[in-house]
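Have a look at the structure below, then the notes.
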Amino acid sequence: MKKILVVFALFCVFFLVSCGDGSKKVDTDDSNDSGNSGDSTSDNGDSADSSSDSGDTGNSGNSGTAKEGVYLGIIGFNEELFQDNKYSKEIGLLNSSTESGYTSFINNLYASKGTALYYADYKALEMMGKSSIPPKLQKVALVTFTDGLDNLSVDEYDPENYDDPDLYLNAIHDKILKEKIHGQKVEAFSIGLKGREEGVEPAQFEGTLKKLASSDSKAFLVSDMDEVMEHFDTIAKSLYSATTTVNLAVLLPGGYKDGELLRFTFDSPDSAADSELYIEATFRKTDNGRSLEKISYEGFAKGEATIQHKDKVGAYYRFVFEDMKYDDGKAPAWNEYELRNILQLWRTNSSGGWYTDSEFDPASSSELEEEKSSALIMLVLDCTTSLGSDFSRMQEIAKDFVETLVNGNSGNNDYADSGDTDTDLSDSDSGDSVSDSCPTVYGNTWSPKSSGTMTWGAALDYCDNLTSCGYSDWRLPNINELRTLIQNCPGSQTGGSCAVSEPDHLASSDGIGDCSACEFKENNGGYYSKLGDDDNVALWSSSTRSGSTTYFAWLVLFSNGLVGISDKNNRYNVRCVR
């Protein structure tokens, strides 16, 4: 079963709860987060991106003010970067507000000769050791990418006077295995691109990679940049999962039959038997309360076999499935969740067949909660000329790594400030031009997709302040305008039966028609978007939900052409319109 369906399912649960009461807010406002580590060495080279930490105030180490999350630093190594003092991005809190600073730093790296690999890892460990301690720290990780052996550290950057490359490498290895940083063992990953430097024996290169990893299983000798991307993506998702706990709560009436079998499905099956993504449990009732027993998990990691009800909400009993994980151990990624109509409850009839419980409404009967701990991560990147044309690809992969640490899902190497443009797209029905970086659809001009995700309020400001393609009069589109970008989904695209429009019919209870009936398509390559936005992309509109304008706004999800609502504090991409 494709993992993306899991996270889409859980997302549905969260947002439908929010839509139900109109009062639930998720505190994701990180605009005042402390971002810098306070690393007193200050040879971090942030001059390459002097405004990158504008949303940070400096991490004082006071856990009462610092927030849990991913704390990231980056080192890019070559001779010129070290000499110009532009080689490192100081450790800070990574979130949607600070992500652009990290991507700008990566964009500003440049290739030169000189592989100071050992010194780069030495400095990375030193920076983490000198950083302030993030609250609820659970993970310390070092991720190194290189395409060659060290040829510079011993002569030029040898703070401990190792005087021999092997001694230097062994010392780094000992630090990784034996020293703890803020009480945590270092989990070190190394990725090496073989065959880029003549005279380097693969066995020797692989031996070096193993010395720079905390175990042989975390050292990867690869043949091309596609493999580099795969390992970066896997590592980033595992680190994101280490900081994220997702709990699912459901409300059930106490009047179910004792011993009745229940199944919660998360993949919109035609029947319970067709589901490959579910939780199944036996409902039990006693004088002491209600419980779910003999719980089995399909598509999820095995959890508790028995759950007692936590409390009562009116006449309903509240059960909590804690620490939801995929069956591969990864936590759901917030920006991949479906918005509605995924979670279903199935019951068994007298003959043992399954039927849906029509009274189970995810909007009022379920809730998704996210808890965060912290991870301290250093990313070390080879910026030597031996990479050749792969250097720019490495930069894009590194930016995807950063984006995955923000929201659990990698991007598409589509950064508005990178010069990328949308090409080879057409709309034969409307005659729209979508071949340049600011395409025109139904008479509206659209900006490139934002490089990162952001809250609804930040999206309004982003468009108001955007200058792109020579224009400065951009604004966040309303839901009518945003729907013109949907294709291949008759119900929700412009002219379809979905009645959501601006300014009318913006309440979720209006009987708004078919707004989300199209088939989910993973890696759809922009199947539902005229501008090529794929299944990982949701775009904010300026339209708010009537009756709850303070908390909820409408958006479009391009995994299935859905028109849905979300809490304004959640983060999505933006395309501005003029």
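The values are calculated or read from the model by the stated rules, or taken from the named source; none is laboratory data. For clarity, every value in this text was computed on a predicted model and none was experimentally measured. Virtual Cβ from ideal backbone geometry, glycine too; neighbours counted across all protein chains shown. Keep in mind that these areas ignore ligands, DNA and RNA; they rest on the heavy atoms of the full protein, side chains included. Shrake-Rupley method; radii C 1.70, N 1.55, O 1.52, S 1.80 Å.
Going residue by residue through region 259-273, is there one that turns out to be closer than 26 Å to PHE558 by Cα, at pLDDT below 95, open to solvent by 70 Å² or more (accessible area, probe 1.4 Å) and not small (Gly, Ala, Ser)? The answer is yes, given that some residue of region 259-273 is closer than 26 Å to PHE558 by Cα, at pLDDT below 95, open to solvent by 70 Å² or more (accessible area, probe 1.4 Å) and not small (Gly, Ala, Ser). From the list SER497, SER451, SER492, SER428, the one residue that fits, being closer than 30 Å to GLN395 by Cα, modelled with pLDDT under 90 and either touching a Gly at 6+ places or on another chain (Cβ under 6 Å) or open to solvent by 10 Å² or more (accessible area, probe 1.4 Å) (or both), is SER451. LEU261 meets the stated requirement of being closer than 30 Å to SER358 by Cα and over 28 Å from the mean Cα position of the chain (by Cα).
Against the definition (modelled with pLDDT of 95 or more, over 24 Å from GLU403 (Cα atoms), open to solvent by less than 10 Å² (accessible area, probe 1.4 Å) and among the β-branched types (Val, Ile, Thr)), how does ILE181 come out, yes or no? For ILE181, the condition - modelled with pLDDT of 95 or more, over 24 Å from GLU403 (Cα atoms), open to solvent by less than 10 Å² (accessible area, probe 1.4 Å) and among the β-branched types (Val, Ile, Thr) - is not met. Answer with yes or no whether SER358 is small (Gly, Ala, Ser) and surrounded by 17 or more Cβ atoms within 10 Å (Cβ to Cβ). Spelling it out, it is not the case that SER358 is small (Gly, Ala, Ser) and surrounded by 17 or more Cβ atoms within 10 Å (Cβ to Cβ). Just the residues that are at pLDDT below 90 and of a type in the set (Val, Ile, Thr), please, taken from region 190-233. Correct list: VAL200 only. For beta carbons closer than 6 Å, sequence separation of 6+ or different chains, a first residue in region 282-309 that is closer than 18 Å to LEU252 by Cα and a second that is small (Gly, Ala, Ser) and surrounded by fewer than 17 Cβ atoms within 10 Å (Cβ to Cβ), the qualifying pairs are ARG290/GLY254; ILE295/ALA305; HIS309/GLY289. Set side by side, the residues GLU293, GLU280 differ, and just one is under 19 Å from GLU260 (Cβ atoms), part of a strand (DSSP E or B) and open to solvent by 40 Å² or more (accessible area, probe 1.4 Å), which is GLU293. Return yes or no: is TYR256 open to solvent by less than 40 Å² (accessible area, probe 1.4 Å), more than 20 Å from VAL380 (Cβ to Cβ), free of Cβ contacts under 8 Å to residues at least 24 places away in the same chain and out of contact with any Cys (no Cβ under 7 Å at 6 or more places or on another chain)? Here the answer is no, as TYR256 does not meet what is asked. A count restricted to region 517-529 and to residues that are surrounded by 22 or more Cβ atoms within 10 Å (Cβ to Cβ) and either of a type in the set (A, V, I, L, M) or more than 18 Å from LEU476 (Cβ to Cβ) (or both) stands at 1.
Could you check GLU68 against (1) open to solvent by 10 Å² or more (accessible area, probe 1.4 Å); (2) part of a helix (DSSP H, G or I); (3) in contact with a Lys or Arg (Cβ under 7 Å, 6 or more places away or on another chain) and say which number it fails? All conditions are met except number (2). Looking at VAL537, VAL556, VAL577, just one residue is among the β-branched types (Val, Ile, Thr), more than 21 Å from the chain's Cα centre (by Cα) and open to solvent by less than 30 Å² (accessible area, probe 1.4 Å), and that residue is VAL577. Go through region 147-178 and give me each residue that's modelled with pLDDT under 95 and either in contact with a strand residue (DSSP E or B) (Cβ under 7 Å, 6 or more places away or on another chain) or aromatic (Phe, Trp, Tyr) (or both). Selection gives ASP147, GLY148, TYR157, TYR162, TYR168. When residues in region 539-563 are screened for being assigned to a loop (DSSP other than H, G, I, E, B) and either β-branched (Val, Ile, Thr) or closer than 13 Å to LEU460 by Cα (or both), 2 of them pass.
When ALA188, ALA171, ALA213 are checked against the criterion of being in a helix (DSSP H, G or I), open to solvent by less than 30 Å² (accessible area, probe 1.4 Å), out of contact with any Cys (no Cβ under 7 Å at 6 or more places or on another chain) and not β-branched (Val, Ile, Thr), ALA171 stands alone in meeting it. Screening the candidates LEU405, LEU345 for the property of being surrounded by fewer than 21 Cβ atoms within 10 Å (Cβ to Cβ), outside any loop (DSSP other than H, G, I, E, B) and at pLDDT 80 or above yields one hit, LEU345.
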